[in-house]
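A short write-up of the structure that comes next.
We did not get these values from a lab; they are worked out from the coordinates using the rules stated. It should be emphasised that the depicted structure is a prediction, and the values quoted were computed from it without experimental measurement. Counting neighbours? That spans all protein chains shown, and the Cβs are built from the backbone with ideal geometry, glycine included.
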Amino acid sequence: MRKMLSRLLFICLVVVFVSTASCAQTPVVLSYSPNSGETQPNEFRSSLRFGFVTFEDHRVAKRLMGDDTLIGWGSNTFHTKDNVPAHVTKAFVDTYRYLGLKAVWIKTPPDNFSFSTKSWVRALRTRYPDVDIFVIGKIRNYEFLLRSGGISGAVKGKFTALAATTQTRVELYYLDSQSGRIIWGNTLHHDTYDRKVSKKAPTDYAAMRLDEGLHNVVIQSIDRVLPKINSAHPGSVQVLSGMMADVPKTPEGKVAGSVPSDKGRIEVVSQPSGAKVYLDGIYYGVTPLALDIAPGVHLLKVRKEGFETSRDKIGVLAGKVTPWKGALPAKN
């Protein structure tokens, strides 16, 4: 009995120690930059305006612990003083604007606003008549965890974690403001697992990894939804110098450089040349044209005034070049 009581006391002391250490953690300062990675400004042009309603907070940590400052839980719980829904929503708005898309942040929806009511699109349209597409979202996960026992050592206030997991999950719906119909909706996520974290203040590392995960999800949303929007509103989105269309050229204008391992290259040649190229509903330029795109099956449309339009399904393999050559017959 005495041994059992001693063991329970030891466990309680460990819990108190861990909880105290967790609470003593410096809050994570959430930061976000739309020019992270390889994104460049003004990659798109669109006649449509996106309206982002501040996302709802459905994070697992918040639901389980009842604390909206949490961005993770476990033996090393991290907190932030920043407003997570505002931070995530603003990241979407800032990135869309940075890439050349028109976006507004709807911080204060109409009174009694609820995503569960049928009249919410009408209420938003009345207040924001210039918005063409409303975007609503739910943050399902936004967390950083030190795993496998948490911190293994400390040197001058900096720590070495055995492993770290970062998870970003956002459920999104894009709705046509006039009809109220869903153009596209899905849950996007980006998860990372680092087996060994370098010596760095864990709060700084958490901010960096959360920033990367959020940026990945925002870019995913753009890649996924723009073809759907162009299908619903033909020609409403154009790629100016997009991520997928940036293929290096020689001084003679020929394609140069190897194909990225995570992309496939499609080379589109038409007779006559100068035809507009659409891929999955998005305009990329005129023939001859080379694009580095995600592997998979894509819908290709090649169009030129006065000639018949060519439509084709084309399979693209990672690290490979897929040529497409087509003659466009003159219209009678």
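7 Å from Cα along Cα→Cβ at both T126 and D111: what's the point-to-point distance in nm?
With each label point 7 Å from Cα toward Cβ, the separation is 1.1 nm.
Among 297-308, 221-232, how do they line up from the highest to the lowest mean number of other beta-carbon atoms within 10 Å?
221-232, 297-308
Apply the Karplus parameterisation 6.51 cos²θ - 1.76 cosθ + 1.60, with θ equal to phi minus 60°, to every residue of the range 269-278 and state each ³J(HN,Hα) to the nearest whole Hz, in sequence, with x for glycine and proline.
Karplus-based 3J(HN,Hα) across the range 269-278 equals 10, 10, 10, x, 7, x, 7, 6, 10, 10 Hz.
Under a cut-off of 19 Å between alpha-carbon atoms, report the aspartates and glutamates in cross-link reach of K81, not counting same-chain residues fewer than 8 places apart.
Result set, ordered by chain and number: E56, D57, D67, D68, E143, D204, D211.
Using the Karplus equation 6.51 cos²θ - 1.76 cosθ + 1.60 (θ = phi - 60°), what ³J(HN,Hα) coupling, rounded to whole Hz, does each residue of the range 310-315 give in order, writing x for Gly and Pro?
9, 10, 7, 9, 10, x
Put a dot 7 Å past each Cα toward the Cβ at V286 and I182; how far apart are the dots in nm?
In this crude spin-label approximation the distance works out to 4.0 nm.
Cut-off is 10 Å between beta-carbons; in what order do I266, I293 appear when sorted fewest neighbours first?
I293, I266
Suppose the chain between Q271 and A327 were pulled fully straight at 0.36 nm per residue; how much longer would it get relative to their current alpha carbon spacing?
Gain in length upon complete extension: 19.7 nm.
Which entries in the list K102/K320; K62/K90; K90/K263; K301/K325 go over 24 Å, if you measure between the two C-alpha atoms of each?
Pairs exceeding 24 Å: K102/K320; K90/K263.
Given H placed on each backbone N at 1.01 Å, which residues far from K102 in sequence or on other chains put an amide H within less than 5 Å of it?
Amide H neighbours of K102, under 5 Å, 5+ apart: S46, F50.
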